[in-house]
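Values in this text are rule-based calculations from the coordinates and carry no lab data. In this text the structure is predicted, and so the values were computed from the model without any measurement. Counting neighbours? That spans all protein chains shown, and the Cβs are built from the backbone with ideal geometry, glycine included.
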Amino acid sequence: MRCVLALGLCALLGACISSPSITGIAPLQPEIASGLTPKTDVVTRRSAVAAANPLATQAGFDVLKAGGSAVDAAIAVQMVLGLVEPQSSGIGGGAFLLHSTAGEGVLAAPRLQAFDGRETAPAAATEDLLLNAEGKPLAFHAAAVGGRSVGTPGVLRMLAQAHLQHGKLPWAQLFEPAISLARQGFAISPRLHALLKADAFLRLDPTARAYFYQPNGEPHAIGHVLRNPELAAVLQRIALEGVPAFYSGDIAEAMVRKVQQHPSNPGRLAMSDLANYQARERIPLCFDHAALSRVYRVCGFPPPSSGAIAMGQILGMLQHTPASLMPSPVDTVDGAPDPRWLHLYNEATRLAFADRAQYVADPDFVSGPGGEWQSLLAPAYLRDRAKLIRPTAMPQASPGVPVRAQGSSFAPMAEQPEYGTSHISIVDGQGNALAMTTTIEDAFGARQMVKGFLLNNELTDFSFAPRDPQGRAVANRVQPNKRARSSMSPTLVFDKATGQLVMSVGSPGGAMLIHFTAKTLYGVLNWSLSPQQAIALPNFGSVGGPLVLEGGRFAPATLAALRERGQEVREQALTSGLQAVVRQSSNQTTSWVSGADPRREGSVLGE
C-alpha cells in the first residue's frame with residue numbers, strides 16, 4: 001500500500017505541478033472562491049466575537065456569556081475551527097495572538113502583548129531542505145505534500161501561555177464545545193465540500209481519505225454529518241492533562257511517525273522538537289497613522305511576521321502622496337477605489353515588498369536594519385521612499401537602506417507561492433481585546449492526518465532557494481529551530497490621544513492578506529466606512545509582481561487607467577476571510593460594530 005501511495009503521489013505531482021516562476025508571479029490563493037454571501041454590520045454593546053465559521057463563533061460567544069475572557073473565547077473558537085474548518089487551521093499548526101488588556105480609567109493606556117506560536121523548523125533541518133537532487137527549488141506541492149514541510153506545531157503552547165496570564169475560566173472548560181461537536185458531528189458546509197472536491201492531494205493520505213471522502217473518492221455530500229471521535233479523544237486529553245499530552249507521549253509519537261515514515265516525501269520532525277518547543281512573547285510593532293484629523297496608533301505583530309512592517313510602510317508612504325485627496329470608493333461608479341489611488345497604493349506596495357524580501361525573517365536569527373525593525377518604519381525613511389513613486393509605474397522596485405551606510409549582506413528572497421490561515425477578532429465585556437491569526441499554511445496543510453487533525457506545511461514559508469547565484473544567504477532561509485517569515489497580520493488600532501481601543505482586524509489569504517487587512521484599515525480609518533463596508537470592498541494588491549484585482553469587481557475603465565500608468569494588471573479570485581470589530585461612540589455610550597467577510601462563512605455574535 002505504501003509503494004502504491006508513493007507512486008500515486010509522484011505521478012500526480014509530476015502530472016500537475018511544474019516549478020513556479022520565481023519572478024513576477026501572481027499571488028496564488030490558499031483556498032478557492034466559493035461565492036459571496038451578502039452580510040450586514042452587527043452592532044453589540046458589551047462584547048463581540050468574529051470568527052470564520054458560525055459554530056466557532058457560537059463557541060466563543062458562549063464562553064464570554066459564561067464569564068470567560070477574550071483569550072478564553074479565542075481558545076474555544078480555535079478548537080472548533082480546527083474541527084469544522086480543517087483546511088485553514090488547527091492544533092497541528094501555529095498562530096500569532098495580539099492581546100490588549102483594558103487599562104483602568106478613560107486615559108489609562110492598555111497593556112499590549114504579542115504571543116508568538118509560529119511553527120519552527122526541526123533541529124535536523126538544513127538549508128537545502130526545499131531543493132531537489134539537482135539543487136533547484138522544488139515545485140511547491142512537491143515540497144508541501146508529505147512530511148518534508150511539517151514544522152513543529154506551536155498554537156497550543158502559545159494559547160496555554162496566553163491563558164496562564166489572561167484566562168478566567170478553567171482550561172478544560174474551553175475544550176468542551178469542540179469535544180461535543182467532534183463526538184456528535186457537524187454538517188459539512190458548502191465551502192468545505194468545495195475545497196475537498198477541488199483538492200488534488202488530500203485523498204492520497206489514507207487516514208484523510210477515510211475521514212473526508214466516500215469509497216469512490218468523492219467528498220461526502222454537503223450536509224453530511226461528519227464525526228471525529230479521534231480528535232475528540234485528543235482534545236479531551238489536552239483538556240485534562242494540559243499541552244504536555246500533545247507535545248509528548250503517543251500523540252507526539254504519532255505525529256513524528258507520520259512525518260518521518262511518509263512513503264515518498266519524509267520529513268525531519270523529531271520527538272525532541274516537540275518537547276523543546278517554546279512559544280515566544282514579543283514586543284508588538286506599532287506606528288502612527290493620521291486620518292481625518294485624528295492620529296491612530298496601529299499595532300501589529302513584529303517579525304517573524306512581515307505584516308505590520310509592510311502595512312506600516314504602505315500607509316506611511318501614502319501619506320506623502322496625493323492619496324488622501326482622492327475620492328472614497330462610495331463616491332466612485334463601481335464602488336471600487338479610484339485608479340489613481342490604486343496606482344499610488346501599488347507603487348508603495350512594491351517598495352514595501354522589496355524591503356520585506358530583503359530584510360524580514362525570524363528575529364532570533366536576523367536583526368532589523370540598524371538593530372531594530374522600527375527603522376523600516378522611520379518617518380524620514382518612508383518620506384524618502386515615497387519620493388520614488390511617480391505618475392507611472394517604476395521599472396523596478398529595489399529595497400531601501402533605512403540606516404545610512406549600513407546595507408544588508410543578505411540576498412533578497414525571490415517571490416514564491418505563500419498561502420494560509422483563518423482570523424479571529426474578539427472584544428470581551430471588560431474591554432480586553434485580541435486579534436489572532438491562525439494557520440496550517442496551505443489548504444489542508446501537508447495533507448497528513450494524525451489522530452483526527454491535519455499537520456501543517458509551514459516550512460514552505462521559508463525561501464526555497466537558500467542562497468542567490470553569488471552565494472549570498474537569504475535571510476528567510478531554512479535553519480534549525482527557526483520560524484519562517486509569515487504574512488499573518490493580526491492588528492489592533494488605538495486612538496493615540498486617549499489610548500482607547502478603536503479596532504481589531506485581520507484576515508487569511510497568504511501574502512495577499514497584508515493587502516486585505518490594509519484595505520480594511522484604510523476603509524475604516526480614512527474613508528469612514530463601517531467594518532462591513534470596508535471588508536466588502538473589492539480586493540486588490542501585489543506581492544511584487546502584477547497588480548491583481550478581484551475578478552469581476554472593477555470597471556474596465558479602471559483596468560485601462562491602471563495600464564495607461566504602466567501597471568501590469570491581472571484579475572482573479574481573491575478569497576479573503578476578514579473579521580473586524582470597531583468601536584462606535586455616541587452620546588457618551590460605546591458599542592461595537594463588527595463585520596465578517598462575505599467571501600467565506602464567517603459570522604459575528606455579541607452582547
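Structural remarks
- Protection proxy ranking, highest mean first, for peptides 359-370, 224-235, 437-448, 488-499: 437-448, 488-499, 359-370, 224-235, where packing is the per-residue count of other beta-carbon atoms within 10 Å, averaged.
- Summing charges over neighbours of residue 564, with a neighbour being any other residue whose Cβ is under 15 Å away from its Cβ, gives +1 when K and R count +1 and D and E count -1.
- Isotropically averaged projected area of the range 104-251, using the convex hull of Cα atoms (one quarter of hull area), nm²: 13.9
- Ellipsoid semi-axes for the range 66-187, based on the Cα gyration tensor and the rule √(5λ), read 34, 21, 11 Å when sorted largest first.
- The residue among 536, 309, 444 whose Cα reaches farthest toward the positive pole of the charge dipole of the chain, with charges on the beta-carbon of Lys, Arg, Asp and Glu, is 309.
- When the convex hull of its Cα atoms is projected in every direction, mean area for the range 501-580 (nm²): 5.5
- Computed as a quarter of the hull surface, the mean projected area of the alpha carbon convex hull for the range 35-94 stands at 4.9 nm².
- Per residue of the chain, the DSSP helices (runs of n ≥ 4 H) give a summed -39500 (n - 2.57) that works out to -9000 deg cm²/dmol at 222 nm.
- As an equivalent ellipsoid, the range 266-362 spans semi-axes of 36, 16, 13 angstrom, where each value is the square root of five times an eigenvalue of the C-alpha gyration tensor, largest first.
- The packing ranking, built from the mean of other Cβ atoms within 10 Å per residue, places the peptides 324-330, 302-308 in the order 302-308, 324-330, highest first.
- Answer label for Rg and Dmax of the Cα atoms in Å (calculated), chosen among [x] 22.5, 70; [y] 29.2, 98; [z] 24.6, 79: [x]
- Where the Cα pairs of the range 382-493 fall when distances are cut into 5 Å bins, in %: 2, 9, 12, 13, 15, 16, 14, 9, 5, 3, 1, 0
- Spread over its residues, the convex hull of the C-alpha atoms of the range 189-345 is 241 Å³ per residue.
- Prolate/oblate/rounded call for the range 139-199, Cα gyration tensor, a/c under 1.5 rounded: oblate
- Near residue 381, once Lys and Arg are set to +1 and Asp and Glu to -1 for all other residues with Cβ below 10 Å from its Cβ, the sum equals +1.
- Segments 426-432, 536-542, 144-150, 38-44 sorted - mean Cβ within 10 Å per residue, highest first: 144-150, 536-542, 426-432, 38-44
- Net +/- balance of residues flanking residue 68 in space, Cβ distance below 11 Å, scoring K and R +1, D and E -1: -1
- Taking every DSSP bridge with both residues inside the range 365-510, close to 85 percent are antiparallel.
- Beta bridges per DSSP, both residues in the chain: antiparallel share near 90 percent.
- Sorted into 5 angstrom bins from 0, the C-alpha pair distances of the range 463-603 split as 2, 9, 15, 17, 15, 13, 11, 10, 6, 2, 1, 0, 0 percent.
- Between the range 432-481 and the range 529-563, the alpha-carbon center distance in angstrom: 28
- For the range 573-607 and the range 33-89, distance of Cα centres in Å: 11
- In terms of distances greater than 29 angstrom between alpha carbons, the cross-link table entries 168/519; 39/168; 39/65; 65/519; 65/258 yield 168/519; 39/168; 65/519; 65/258.
- Compactness index (Cα Rg / 2.2 N^0.38 Å), the range 306-446: 1.22
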